[in-house]
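Have a look at the structure below, then the notes.
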């Protein structure tokens with residue numbers, strides 16, 4: 001392994017890791033890193049999506065605007081996640097830097113050709129997308145069938161598992177420090193509730209000594225077992241949601 005890939009902090013958790021030396025050499029030629037400050041629009045909905053890549057550092061917010069202009073958060077991308085839509089002419093979502101973000105970017109047509117030439121990486125990409133689809137379906141079940149408290153606890157667990165600047169290896173323990181890089185309004189929108197209801201549930205978790213509130217976006221987990229109990233899910237199910 002050489003060049004950019006050898007210095008990539010998330011290499012072992014991306015689809016690139018299964019590439020042959022020849023494949024990695026080609027990836028080095030077609031990729032480059034770029035940083036975006038918090039709040040930057042990386043790719044707008046409906047825009048020609050000519051770039052794809054991996055999140056190296058930071059968190060990216062996916063949102064979709066309805067016909068009346070209302071914006072809804074539909075997903076979050078963490079370090080090692082793949083962003084962009086392959087084999088489509090335009091972006092179906094808006095990608096915004098929720099924090100300062102570093103991306104490993106590749107020209108989309110070039111990466112599509114790369115996948116055809118390197119079936120092992122293409123297979124890993126397909127597997128990753130199927131895992132992502134399973135997680136999205138599980139998250140949909142949670143948001144539709146769980147209480148607000150269960151949704152809040154689940155989201156805090158996900159952030160503890162994939163906390164900002166935490167490049168966790170498989171099997172690593174969740175972080176006890178949780179940074180949530182979204183406003184309360186954005187979190188409420190993502191969870192399908194109101195900012196007031198969200199705040200009440202966070203205060204309940206704090207009074208129950210499940211978490212300690214450091215500030216509006218920073219929390220300390222005091223009892224992981226209690227957080228899991230409040231989520232209404234098993235730890236295995238939570239890890240599946242958080243691992244993609």
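This table checks each residue for (1) assigned to a helix (DSSP H, G or I); (2) modelled with pLDDT of 85 or more; (3) buried (at least 20 other Cβ atoms within 10 Å of the Cβ).
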{"residue": "110", "(1), (2), (3)": "yes, yes, no"}
{"residue": "124", "(1), (2), (3)": "yes, yes, no"}
{"residue": "150", "(1), (2), (3)": "yes, yes, no"}
{"residue": "164", "(1), (2), (3)": "no, no, yes"}
{"residue": "172", "(1), (2), (3)": "no, no, no"}
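So that you can scan it fast, the table gives a plain yes or no per residue for (1) out of contact with any strand residue (DSSP E or B) (no Cβ under 7 Å at 6 or more places or on another chain); (2) closer than 24 Å to residue 20 by Cβ:
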residue: 91; (1), (2): no, no
residue: 95; (1), (2): no, no
residue: 119; (1), (2): yes, yes
residue: 142; (1), (2): yes, no
residue: 145; (1), (2): yes, no
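Taking the options 222, 156, 182, 168, name whichever one is surrounded by 16 or more Cβ atoms within 10 Å (Cβ to Cβ) and modelled with pLDDT of 90 or more. Talk me through it step by step, then tell me what you get.
Details: 222 fails: surrounded by 16 or more Cβ atoms within 10 Å (Cβ to Cβ); 182 fails: modelled with pLDDT of 90 or more; 168 fails: modelled with pLDDT of 90 or more.
Being surrounded by 16 or more Cβ atoms within 10 Å (Cβ to Cβ) and modelled with pLDDT of 90 or more holds for just one of 222, 156, 182, 168, which is 156.
Taking first residues from region 189-206 that are in a helix (DSSP H, G or I) and partners that are surrounded by fewer than 14 Cβ atoms within 10 Å (Cβ to Cβ), the Cβ contacts under 6 Å between residues at least 6 apart in sequence or on separate chains come to 195/185; 206/213.
The values are calculated or read from the model by the stated rules, or taken from the named source; none is laboratory data. Values in this document were obtained by computation on a predicted structure and should not be read as measured data. Here the Cβ is made from the backbone with ideal geometry for all residues, glycine too, and neighbour counts use every protein chain on show.
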